């Protein structure tokens, strides 16, 4: 009697030690046929077709009756996901690293007044830190070029 597992493995192709197919090869080289949909999802859509309003009404009724799952579902649809807001406050222009102290003072003042949340202030602080690192790197490169030019032999 032939070993069906061995035959199946030979048909599917060579696998590595972990049982995975070699890179660029799969058990189904042709892949899923174009336009093929998941049969379970298609059947569910057919069953639910035209019932959206009744199902929504029932979810709202369950939520109002205290069902926590229905309540969470309804609130997720009403409130929507959190998106960061644009921060609006007056900040002095930053032209050099020396201007950063004034910018940080403006952020601290806006946080104290409630125009900026502490988290937003922290994120702005990270932006300022990145700016300082960029200024320092630029200044270091400028100084290095000056030293290299001074050290280079004259022709």
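Every read-out reported here was derived from the displayed coordinates using simple, explicitly stated rules and does not represent laboratory data. It should be emphasised that the depicted structure is a prediction, and the values quoted were computed from it without experimental measurement. FYI the Cβ positions are ideal-geometry reconstructions off the backbone, even for glycines, and counts take in every protein chain you see.
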Subject >> residue 112-residue 71 FRET efficiency (beta carbon distance; Förster radius 41 Å; 0.05 resolution) >> reply: 0.65
Original post:
For residue 94 and residue 143 in one chain, what is 0.36 nm times their gap in residues minus the Cα-Cα distance, to one decimal in nm?
Top reply: 15.5 nm
Original post:
Zone of residue 134 (label point 7 Å along Cα→Cβ, backbone N under 13 Å): which residues in segment 66-100?
Top reply: 94-97
Original post:
residue 101 versus residue 85, label points 7 Å from Cα toward the beta carbon: distance in nm?
Top reply: 3.2
Subject >> Gain in span if fully extended, residue 30 to residue 151, counting 0.36 nm per residue against the direct Cα distance >> reply: 37.0 nm
Original post:
Which shape class applies to segment 38-80: rounded if a/c is under 1.5, otherwise prolate when a/b exceeds b/c and oblate if not, where a ≥ b ≥ c are the square roots of the Cα gyration tensor eigenvalues?
Top reply: prolate
Original post:
For residue 22 and residue 56, FRET efficiency with R0 = 41 Å and r from the beta-carbon atoms, rounded to 0.05?
Top reply: 0.25
